[in-house]
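The values are calculated or read from the model by the stated rules, or taken from the named source; none is laboratory data. Keep in mind the model is a prediction, meaning the values are calculated, not measured. Because the Cβ atoms are built from the backbone with ideal geometry, glycine has one as well, and the counts that use them run over all protein chains shown. For the accessible areas, the whole protein counts, side chains as well, though only heavy atoms, and no ligand, DNA or RNA atoms are used. Shrake-Rupley method; radii C 1.70, N 1.55, O 1.52, S 1.80 Å.
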Amino acid sequence: MSKTLHFGVFEVMGPQVGGTYSWAHPRSEGLSYLDPTYWIRMARILEDTGFDFLFFAGGYGYPLIDGDLPHVATEKAINFPSLDPDYLIPILAQHTDRLGFVVTQSTGLDHPVQLARRFSTLDHLTGGRIGWNIVTGASQNAIADVFGHDSMVPHDTRYEMAAEYVELAARFWETAWDDDAFVGDPATGIFARRDGVHRVTYDGAHYRSRGYYGAPPSPQRTPVLFQAGTSPAGRAFAAANAECVFVQATTPARTAVAVADIRRLAGEAGRDPEAITLMCGLTVFVGETEADALRYEAEFDAMQTDEIVASLYAGNTGIDLLALDADKTLHQVLDAGGPIGQMGTSNIERFLGDAEGNGAPTVRQILDQLRGRGTRGFRIVGSPVQVADQIEALISATDLDGFLIEPVFPPHDLEDFGRWVLPILRERGRLRDGEAGNTLRARLSEISGHDRLGAATPSSHPP
């Protein structure tokens, strides 16, 4: 039987997404990002055409080169500016019935109880359609500056902190209230049973708590847990905690290795490897004809520059490609004792080749490879049937469970994909039959065939 696929949309509350330049194209309405009606229209398109969720990246980081915001970042809006999408979610939930929403929050910026209450609130306001994309902090150099820190937290330490953070947040969601603690009986005047509300006590190396959680259980209790990161620490964290994992799309072969490794690690952590949903980014240029699609692609590519590539790469890794010898590899940074290993690990290691540097591209080749790609994943181009064929080929080659569509000219290209490509995949048995459950977790579980995707969170309540 063919694997049933998941489709989300990768967005940011800014002029454009993906670390590439497209908002000025006539097909894009990205400049409307401050207008709620723009997002309402997009959410309705996604729900009506059969997407599973709308995913918002977010954070306080931005590109930095030599410690400052580069001109190209502001002039072309490359990962700058952006707003907090959390406040959009209740608005969008009022205009949709089934579409899920995923928002990004870092584990290192506040106490777990603050995040836990935020997601309990969102889960109530959406009727259980919320997910949390767990990040340990992208663009760490910029975050250190804007929050006034003297230095970045080491990469692996951030994952140690994240493990505690998620564990404590899960205790608030799962153990602080019994299922039947709420009474709400006007006749007796009892709102909740005192013996059904429990103190949460936690004493970790990075986080502590010994209080009561004031938010009553939401429809999902714990939001669906999403996570990205393909460094060794990132994979281990995802395998132990996440329900849906975003894998970096490099080549189909390398992506297949990452998918297999995360499933293996999940099994070693005592989880069902097949219960984890694995997805990656996908940029799609689709037109009524192949010629239309190729024209859209060419117009987009013509808008990209080396300066755009370099600003984004520096913001993610701390490495300014334009300051390096274009004919040498990234090993010149290693040899000089550069910042490799503290941020953007996956986006550095992918260009290092083997231990001796064999297979490592030159800086010029990296710039060429990343031009028009930014933080985007796989790219496919063609007519609706050609795109559907390429999606199935990628699934076969990687064992992925689906894709996050990365808009180029939103919302028009999302509408094209929804009305042209998704019906073909549905006819081929690649999408679910009928409507899924009302919560995001039920929706993903119905697709995957599992009752609950099952993150490693506490699931039983104290007696």
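Scanning segment 50-60 for residues that are part of a loop (DSSP other than H, G, I, E, B) and within 30 Å of Arg426 (Cα to Cα) yields a total of 4. If you go through segment 46-71 and keep only what is more than 20 Å from the chain's Cα centre (by Cα) and within 22 Å of Gly287 (Cα to Cα), you end up with Asp48, Thr49. Within segment 170-184, restricting attention to residues that are not in a helix (DSSP H, G or I) and not acidic (Asp, Glu), which residue is nearest to Thr107 (Cα to Cα)? Here the residue is Ala176. Taking segment 151-197 as the range and being among the acidic types (Asp, Glu) and open to solvent by less than 80 Å² (accessible area, probe 1.4 Å) as the test, the residues that pass are Glu164, Glu167, Glu174, Asp178, Asp185. For segment 198-236, filtered to residues that are in a strand (DSSP E or B) and free of Cβ contacts under 8 Å to residues at least 12 places away in the same chain, the residue that is least open to solvent (accessible area, probe 1.4 Å) is Thr201. Scanning segment 345-373 for residues being touching an Asp or Glu at 6+ places or on another chain (Cβ under 9 Å) and assigned to a loop (DSSP other than H, G, I, E, B) gives a total of 4.
Screening Ala73 with (1) touching a Pro at 6+ places or on another chain (Cβ under 9 Å); (2) open to solvent by 10 Å² or more (accessible area, probe 1.4 Å); (3) over 18 Å from Leu440 (Cβ atoms); (4) not polar (S, T, N, Q) gives one miss only, at (2). Of all the criteria given as (1) more than 19 Å from Val12 (Cβ to Cβ); (2) at pLDDT below 95; (3) among the hydroxyl-bearing types (Ser, Thr, Tyr), the one not satisfied by Tyr296 is (2). Here Thr107 fulfils each of the conditions (1) in contact with a Lys or Arg (Cβ under 8 Å, 6 or more places away or on another chain); (2) β-branched (Val, Ile, Thr); (3) surrounded by fewer than 22 Cβ atoms within 10 Å (Cβ to Cβ) apart from (3). In segment 7-49, the residue that is surrounded by the fewest Cβ atoms within 10 Å (Cβ to Cβ) out of those that are free of Cβ contacts under 8 Å to residues at least 12 places away in the same chain and in a helix (DSSP H, G or I) is Thr37.
Taking the criterion of being open to solvent by 40 Å² or more (accessible area, probe 1.4 Å) and polar (S, T, N, Q), the only residue of segment 317-338 that qualifies is Gln332.
The rows are residues; the columns are (1) without any contact (Cβ under 8 Å) to a residue 12 or more places away in the chain; (2) assigned to a helix (DSSP H, G or I); (3) under 30 Å from Ile319 (Cα atoms).
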position	(1), (2), (3)
Pro81	no, no, yes
Ile91	no, yes, no
Thr96	no, no, no
Gln105	no, no, yes
Val113	no, yes, no
Phe119	no, yes, no
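Residues that are touching a residue at least 60 places away in the same chain (Cβ under 8 Å), more than 16 Å from Phe417 (Cα to Cα), in a helix (DSSP H, G or I) and open to solvent by 60 Å² or more (accessible area, probe 1.4 Å) within segment 264-300 comprise Glu274, Glu299, listed in sequence order.
Test Ala336 against the stated conditions and say whether it is among the small types (Gly, Ala, Ser) and over 21 Å from Arg430 (Cα atoms).
Judged against the criteria, Ala336 is a match.
Sort out which residues of segment 81-92 are buried (at least 19 other Cβ atoms within 10 Å of the Cβ) and in contact with a helix residue (DSSP H, G or I) (Cβ under 6 Å, 6 or more places away or on another chain), and write them in order of number. Leu88, Ile89, Leu92 - these are the residues of segment 81-92 that are buried (at least 19 other Cβ atoms within 10 Å of the Cβ) and in contact with a helix residue (DSSP H, G or I) (Cβ under 6 Å, 6 or more places away or on another chain).
Restricting to segment 237-257, name every residue that is open to solvent by less than 20 Å² (accessible area, probe 1.4 Å) and small (Gly, Ala, Ser). Passing the criteria: Ala238, Ala239, Ala242, Ala249.
Whether a residue is modelled with pLDDT of 90 or more, buried (at least 19 other Cβ atoms within 10 Å of the Cβ), within 30 Å of Asp389 (Cα to Cα) and under 20 Å from the mean Cα position of the chain (by Cα) was assessed, and Ile366 does not pass this test. Would you check which residues across segment 237-252 are of a type in the set (Gly, Ala, Ser), modelled with pLDDT of 90 or more and more than 14 Å from Trp132 (Cβ to Cβ) and list them? Matches in segment 237-252: Ala239, Ala240. The residues of segment 51-66 that are more than 15 Å from Thr317 (Cβ to Cβ) and open to solvent by less than 40 Å² (accessible area, probe 1.4 Å), listed by number, are Phe51, Asp52, Phe53, Leu54, Phe55, Phe56, Ala57, Gly58.
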